[in-house]
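Trainee: Below you'll find the structure I mean.
The values are calculated or read from the model by the stated rules, or taken from the named source; none is laboratory data. As the structure is a prediction and not an experimental result, all values here were calculated from the model. So basically every Cβ, Gly included, is an ideal-geometry build from the backbone, and we count neighbours across all protein chains shown.
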Amino acid sequence: MNYISTRGGEMVTSPRAILQGLASDGGLFVPSVLPKLSTNPTNPISLASLSSLSYKELAFRIISLYFDEFDEAELKDAIDKAYSTFDTADVAPTVKKGEYFCELFHGKTLAFKDVALSLLPYLLKMSIKLCGVDKDVLILTATSGDTGKAALEAFCDVEGTRVCVYYPSDGVSDIQRLQMVTQEGSNTSVIGIKGNFDEAQSGVKKMFRDSSLNDKLFDMGIILSSANSINVGRLVPQIVYYFYSYFSMLKNEDLPVGTAVNFSVPTGNFGNILAGFYAKEMGLPINKLICASNDNKVLYDFFNTKVYDINRAFVTTVSPSMDILISSNLERLLYSGNLDFEKTKSLMNSLSAQGRYTYDAALADFVGEFATETQTLDTIREHFNKTGYCIDTHTAVALYAYQNYKKQTGDETRTIILSTASPYKFAKTVVAALGQNNTLGNTTDSDSLSALSEITKTPIPEQISNISKKPILHKAVCKKEEMEKELLNTLLTMG
Ligand SMILES: *Cc1c(COP(=O)(O)O)cnc(C)c1O
């Protein structure tokens with residue numbers, strides 16, 4: 001399988017695409033052809049054959065279609081190890097609690113990023129070997145809160161790798177920040193920036209393209225790679241749970257393979273929902289992909305007007321992992337709409353010059369919806385009062401989006417809500433949403449963990465139960481212009 005840049009300047013093998021992260025022309029790598037399911041039910045890559053597999057088996061079948069250069073036994077072993085770190089053998093269980101929720105937060109850091117990131121170090125190590133690279137790989141990552149911790153946890157003390165994470169110093173939840181700044185491991189570094197996620201992401205993309213920095217790093221024995229969803233190594237493992245959740249829902253309802261469903265996806269950088277689009281293109285019977293935004297509703301406007309316009313205020317919300325105006329992975333969708341490099345390039349040029357572009361190809365697979373802050377908080381409370389099931393702020397945006405979509409359209413298609421984080425990651429907001437914070441005043445997330453546990457009668461996840469007692473190991477905060485300088489400093493101290 002080859003990967004081509006959405007801007008046409010490069011074609012590489014899958015290990016090379018994983019290793020490189022971003023294409024050298026600034027575009028994103030996409031599969032040159034998307035694999036398709038067979039309609040013959042006895043074929044191993046048909047819906048019928050895939051429907052009864054365990055999560056790990058399904059992951060192997062799907063991922064090996066995209067990364068066919070890897071040794072099959074090695075890939076199988078990697079998948080087994082990566083998903084054994086989850087607290088359930090199901091990896092991504094789908095539960096019926098009023099609606100269907102696919103719980104993607106059973107990994108080490110309690111957010112859906114773990115699904116792809118726990119596998120990425122293995123994919124990267126296999127890629128290093130296949131490409132004959134004799135350098136250390138430095139994972140450079142911008143985070144809106146969850147990718148950073150998931151990457152740190154996944155790459156911590158992995159030989160031949162180092163990981164450096166930039167986060168908006170005032171733009172993540174208290175638990176998210178503590179999870180990152182208490183990270184152990186001699187190869188990890190965490191840097192706050194005085195700016196928002198878009199600025200952190202642009203700074204990181206700029207470092208990838210900066211040839212003098214890359215030369216300097218090369219002389220130090222280091223090459224760059226990315227753990228952001230611009231890396232196809234992130235995207236492909238995410239396709240698996242769309243299939244797995246679909247099959248779980250069918251079993252629960254006793255429905256035949258082939259019944260169509262909708263997915264509602266809380267969206268920021270457009271990585272999660274793009275994996276759903278790839279699943280649909282492969283042949284998974286998806287009716288609509290509901291793209292759910294918070295008040296940073298650039299994507300809602302885009303799907304409703306075909307104009308993408310970031311000339312607006314960046315809003316800090318209760319769903320910080322979706323506080324994004326520049327959704328990088330949308331570039332992959334734009335490319336697949338007309339398969340025209342020049343067009344993609346001109347849209348992206350217009351985005352960087354004017355902050356806007358108008359798209360002219362069809363977008364019929366998607367529906368844009370959004371939830372305001374009040375709607376998000378009300379949804380958490382109402383759903384808990386109705387079902388006793390507590391969801392986090394991001395999942396609440398997706399649930400509200402679905403409810404609104406259903407009200408507007410009357411679409412009765414069964415719908416799965418992707419649940420992207422544990423409510424414990426956003427404990428303070430969730431406790432407040434449940435209407436029980438009156439006496440707590442200005443508490444933090446970590447102070448709210450036990451309150452949330454009492455209200456919901458669920459245990460505090462072991463992954464964060466003693467987070468406020470851990471020493472702070474990463475204190476650096478820099479201006480957005482100083483990201484490169486700070487990186488070079490930190491590499492010296494890592495040795
Ligand atoms: C990253 C994240 C999202 C957004 O996912 P994208 O792939 O960036 O669209 C939503 N919810 C949570 C909890 C996240 O961590």
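Trainee: Conditions: (1) surrounded by fewer than 24 Cβ atoms within 10 Å (Cβ to Cβ); (2) at pLDDT 95 or above; (3) over 21 Å from Y308 (Cβ atoms). L255 meets all but one. Number of the miss?
Mentor: Failed condition: (2).
Trainee: Output the residues belonging to segment 223-241 that are away from the ligand (no atom under 13 Å from the Cβ), at pLDDT 95 or above and either within 15 Å of L28 (Cα to Cα) or touching a strand residue (DSSP E or B) at 6+ places or on another chain (Cβ under 7 Å) (or both).
Mentor: At the first step, the residues of segment 223-241 found to be away from the ligand (no atom under 13 Å from the Cβ) are 223-226, 232-233, 236, 240.
Keeping just the survivors that are at pLDDT 95 or above gives 232-233, 236, 240.
V232, G233, V236, listed by residue number.
Trainee: Only residues that are surrounded by 21 or more Cβ atoms within 10 Å (Cβ to Cβ) and either assigned to a helix (DSSP H, G or I) or under 20 Å from the mean Cα position of the chain (by Cα) (or both): list them for segment 304-324, please.
Mentor: Start the filter on segment 304-324 by keeping residues that are surrounded by 21 or more Cβ atoms within 10 Å (Cβ to Cβ), which leaves 308, 317-324.
Within segment 304-324, T317, V318, S319, P320, S321, M322, D323, I324 qualify.
Trainee: When segment 458-495 is examined, which residues are found to be of a type in the set (S, T, Y) and not in a loop (DSSP other than H, G, I, E, B)?
Mentor: From segment 458-495, those of a type in the set (S, T, Y) are 458, 465, 468, 490, 493; that's our starting set.
Of everything in segment 458-495, those that are of a type in the set (S, T, Y) and not in a loop (DSSP other than H, G, I, E, B) turn out to be S468, T490, T493.
Trainee: A follow-up question, please. At pLDDT 95 or above, more than 14 Å from the ligand (Cβ to nearest atom), surrounded by 16 or more Cβ atoms within 10 Å (Cβ to Cβ) and within 23 Å of the chain's Cα centre (by Cα): does that describe T379? Step through it out loud before you land on a result.
Mentor: Values: at pLDDT 95 or above: yes; more than 14 Å from the ligand (Cβ to nearest atom): yes; surrounded by 16 or more Cβ atoms within 10 Å (Cβ to Cβ): yes; within 23 Å of the chain's Cα centre (by Cα): yes.
Here the answer is yes, as T379 does meet what is asked.
Trainee: Next question. Report those helices (runs of 4 or more DSSP H) wholly inside segment 25-124 carrying at least 3 residues which are within 16 Å of the ligand (Cβ to nearest atom), under 18 Å from the mean Cα position of the chain (by Cα) and not β-branched (V, I, T). Outline the logic, then answer.
Mentor: Details: elements: 47-50, 55-66, 72-83, 113-117.
Fully inside segment 25-124 and qualifying: 113-117.
Trainee: Of the numbered conditions (1) buried (at least 20 other Cβ atoms within 10 Å of the Cβ); (2) without any contact (Cβ under 8 Å) to a residue 12 or more places away in the chain; (3) of a type outside the set (D, E), S211 satisfies every one except a single condition; which is it?
Mentor: (1)
Residue-wise test of (1) in contact (Cβ under 8 Å) with a residue 12 or more places away in the chain; (2) of a type in the set (A, V, I, L, M); (3) outside any helix (DSSP H, G or I).
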site: Y166; (1), (2), (3): yes, no, yes
site: V172; (1), (2), (3): yes, yes, yes
site: M180; (1), (2), (3): yes, yes, no
site: S186; (1), (2), (3): yes, no, yes
site: P237; (1), (2), (3): yes, no, no
site: S245; (1), (2), (3): yes, no, no
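Trainee: I need the full set of residues from segment 291-348 which are under 28 Å from P35 (Cβ atoms), of a type in the set (D, E) and within 16 Å of the ligand (Cβ to nearest atom), in order please.
Mentor: We begin by selecting, within segment 291-348, every residue under 28 Å from P35 (Cβ atoms); these are 291-292, 299, 302-303, 327-345, 347-348.
After this cut, where a residue has to be of a type in the set (D, E) as well, the list is 331, 340, 342.
Result: E331, single match.
Trainee: Can I ask one more? Among what's in segment 253-273 and is under 15 Å from the mean Cα position of the chain (by Cα) and either of a type outside the set (A, V, I, L, M) or away from the ligand (no atom under 16 Å from the Cβ) (or both), pick the residue that is farthest from L418 (Cα to Cα). Step through it out loud before you land on a result.
Mentor: Residues of segment 253-273 under 15 Å from the mean Cα position of the chain (by Cα): 264-273.
Then keep just the ones that are either of a type outside the set (A, V, I, L, M) or away from the ligand (no atom under 16 Å from the Cβ) (or both); that gives 264, 266-272.
On the way: S264: 6, P266: 7, T267: 10, G268: 13, N269: 15, F270: 13, G271: 13, N272: 9 Å.
In this case the residue turns out to be N269.
Trainee: Within segment 350-369, does at least one residue satisfy the condition of being assigned to a helix (DSSP H, G or I) and under 17 Å from V265 (Cα atoms)?
Mentor: Of all residues in segment 350-369, those assigned to a helix (DSSP H, G or I) come to 350-354.
Cutting the leftovers down to under 17 Å from V265 (Cα atoms) gives us none.
No, every residue in segment 350-369 fails to be assigned to a helix (DSSP H, G or I) and under 17 Å from V265 (Cα atoms).
Trainee: Provide a single number: the residues in segment 197-222 that are among the aliphatic types (A, V, I, L, M) and either within 14 Å of the ligand (Cβ to nearest atom) or not in a helix (DSSP H, G or I) (or both).
Mentor: To start, the set of residues in segment 197-222 that are among the aliphatic types (A, V, I, L, M) comprises 200, 204, 207, 213, 217, 220, 222.
Still in the list and also either within 14 Å of the ligand (Cβ to nearest atom) or not in a helix (DSSP H, G or I) (or both): 200, 220, 222.
Number satisfying all stated conditions: 3.
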